[in-house]
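The values are calculated or read from the model by the stated rules, or taken from the named source; none is laboratory data. Computed from a prediction, not measured in an experiment: that's the story for all the values here. Cβ coordinates were reconstructed from backbone atoms using ideal geometry, including for glycine residues, and neighbour counts include every protein chain displayed. Quick note on the areas: whole protein, heavy atoms, side chains included, nothing else; ligands and nucleic acids left out. Shrake-Rupley method; radii C 1.70, N 1.55, O 1.52, S 1.80 Å.
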Amino acid sequence: MAPHLVDSFDSFDSGDAVTAVLAERVSVRDTLRQRVDRVREAPGITILTLCCLAAYLVHSLYAQYTYRSTAFDLGIFDQAVRAYSHFQAPMVPLKGPGFNVFGDHFHPIIATIAPLYWIWDSPNVLLVVQAILMASAVPVVYRFARRRTGPRMSLVISAAYGFGWPVQALIDFDFHEIAFATPLLALAIDALDRRDDRKLLLWAVLLLFVREDMGILVVLLALLRLLQRRPPHWRAAALAVGGIVAYLITTTLIIPHFARGHGFAYGSQFDALGPNLPSALGNIVAHPWHAMKLLVTPSAKVETLSCLVVPFAFLFLRSPYAVLAVPLLAERLFNSRANLWQPHFHYNALPWLVLALATVDGAAKLGLFRPTVGARRARFALAAWLVAVPLLLPFYGFGAHPYAWTKMRNTRGIQSQAALQAARAVVAHLPSNVCIEADNKLVPHLTNRDYVTLPDTQNGTADFIALDLAAPDIGGNPPAPKPAPVLAAAEKQGYVVIFRQAKFVLLQSPNYTGPSSECHPLSKGKAG
């Protein structure tokens, strides 16, 4: 080789090495600076997360202490997780004698709570776990926002999310598996945003164990990954295939296998569109205007959508992440069950998370986080809006409005101190290892010691029946029987009132001979 060529290659190698060293030093310096910044900012987001956790814990545990929690859903999940903790199939008598919870939904992730029951044998475990899960999403929202804006604005966004009315509603309504989906979906979106495929795959796979419909979200995460146009594309394809396969296996094989009717009940609740999910999807494509009309009628649907989108000033429309909210809302608003259209319960927590993150991304794309005077004013206005609207919306009364922390239970919860004392007295009268048909509010205080169902379930074999005559119904899925007719039917069967206080009545079977192994919390009961 010619000497001048050798010199030129040597010179190139030397310069390249120097550049690499300098780049490495800059990278290390930037990393150290970022770590220092994170340490400096840590107290703010830590305090906010702990405040959210404290609020969640105080509210949910106080609701349980004052008999405002219910069989649907705290009692249901307590029976399922209790069975898991004893290495048994997740049988839930509250859904019916011999009912395996896999016949309802596919959520094996709740089994991870079971070891905690070895330490504390109480439904309160579920409330504590849920509070921790929901609070753990707050720093993820902060990290997502912090990549686009400053620490103060990121804290405002995180607070608006963490104290927003959909999170309040989830915490207020006992326990639900959606609590697992919230941090997992937040982490999945954050990993997608950071282009971290390994973490995206991890969180997406865990999502599939939360519930059967999470497979659809995983498919959309794969689509968003593909739209990033970065190799290798097979990862997005694998993610999409995994989501589709998981959804099909859970809804056509696993759930029908355990379900009493050997079908997937939630796939045939779209009566206005078709007898089953494929038919409903076909009608949406064939008749889009009819589908659009269904999305906004009756007016409760519009009010629920407004309560979700107005607090974020429609900024999420600029972000592709908003597409993740579409199936979550569609499966509710196209559903035939009216209670799904309301801004209550736990149904809005996941769309709220998606819209919060999409709002951050949309605001960044619109330039609201730029260092200009106009952007600074826009950020101030957005911060004021985020503080005022999501937190105060539940206190404004109109139509199907969301409830504030404690209002949702006012129609079903204990209404007075006398009623609370009566409820506690009924529970105190009931021994362990007996078969009980109990009022909705009493159930979470009995599932750890007795075989418990709602009234009108055990076909006259229950040892005791406990009713609240002031309740609108006995509890469970609507339309549920009224307590007065249930009382009259029980007395015709020979049940005798042995305790009465306030509006609570406790009846005993004429065939009761004492506690028995048949009525252990994990048994099949006398009607089984």
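General remarks:
- Some residue of the stretch 333-344 being surrounded by 16 or more Cβ atoms within 10 Å (Cβ to Cβ) and on the phi > 0 side of the Ramachandran plot: no
- Picking from residues in the stretch 31-67 that are open to solvent by 60 Å² or more (accessible area, probe 1.4 Å) and among the charged types (D, E, K, R), the one that is modelled with the highest pLDDT is ARG40.
- Beta carbons closer than 6 Å, at least 6 apart along the sequence or on distinct chains, pair a first residue in the stretch 280-299 that is open to solvent by 60 Å² or more (accessible area, probe 1.4 Å) with a second that is aliphatic (A, V, I, L, M) for VAL296/VAL302.
- Residues of the stretch 463-511 that turn out to be assigned to a loop (DSSP other than H, G, I, E, B), of a type in the set (Lys, Arg) and either farther than 18 Å from THR70 by Cβ or touching a helix residue (DSSP H, G or I) at 6+ places or on another chain (Cβ under 6 Å) (or both), as a count: 0
- Selection within the stretch 184-202 - within 16 Å of the chain's Cα centre (by Cα) and open to solvent by 10 Å² or more (accessible area, probe 1.4 Å): LEU184, LEU187
- The residue that is farthest from the chain's Cα centre (by Cα), counting only those in the stretch 104-123 that are under 18 Å from LEU522 (Cα atoms) and in contact (Cβ under 8 Å) with a residue 40 or more places away in the chain, is ASP121.
- Scanning the stretch 253-271 for residues that are modelled with pLDDT of 85 or more and either within 20 Å of PHE334 (Cβ to Cβ) or of a type in the set (Gly, Ala, Ser) (or both) yields ILE255, ALA259.
- Any hit, the stretch 339-359, residues being farther than 22 Å from ALA179 by Cα and assigned to a helix (DSSP H, G or I): no
- Flag if LEU61 is closer than 30 Å to PRO151 by Cα and touching a residue at least 40 places away in the same chain (Cβ under 8 Å): no
- Out of VAL387, VAL373, VAL302, VAL354, one residue alone is open to solvent by 30 Å² or more (accessible area, probe 1.4 Å) and in contact with a helix residue (DSSP H, G or I) (Cβ under 6 Å, 6 or more places away or on another chain). It is VAL302.
- Inclusion of THR149 among residues that are open to solvent by less than 20 Å² (accessible area, probe 1.4 Å), touching a Phe, Trp or Tyr at 6+ places or on another chain (Cβ under 8 Å) and hydroxyl-bearing (Ser, Thr, Tyr) is warranted.
- Flag not set for GLY475, criterion: modelled with pLDDT of 95 or more, open to solvent by less than 50 Å² (accessible area, probe 1.4 Å) and at positive phi.
- Across the stretch 270-301, the number of residues qualifying as under 28 Å from PRO402 (Cα atoms) and among the hydroxyl-bearing types (Ser, Thr, Tyr) comes to 2.
- On the stretch given as the stretch 224-247, residues that are open to solvent by 80 Å² or more (accessible area, probe 1.4 Å), of a type outside the set (Lys, Arg) and in contact (Cβ under 8 Å) with a residue 24 or more places away in the chain total 2.
- Output for the stretch 475-484, where each listed residue is without any contact (Cβ under 8 Å) to a residue 60 or more places away in the chain and within 20 Å of LEU94 (Cβ to Cβ): PRO479, ALA480, PRO481, LYS482, PRO483
- Considering the stretch 431-464, the residues that are under 18 Å from PHE72 (Cβ atoms) and acidic (Asp, Glu) include one that is most open to solvent (accessible area, probe 1.4 Å), namely ASP456.
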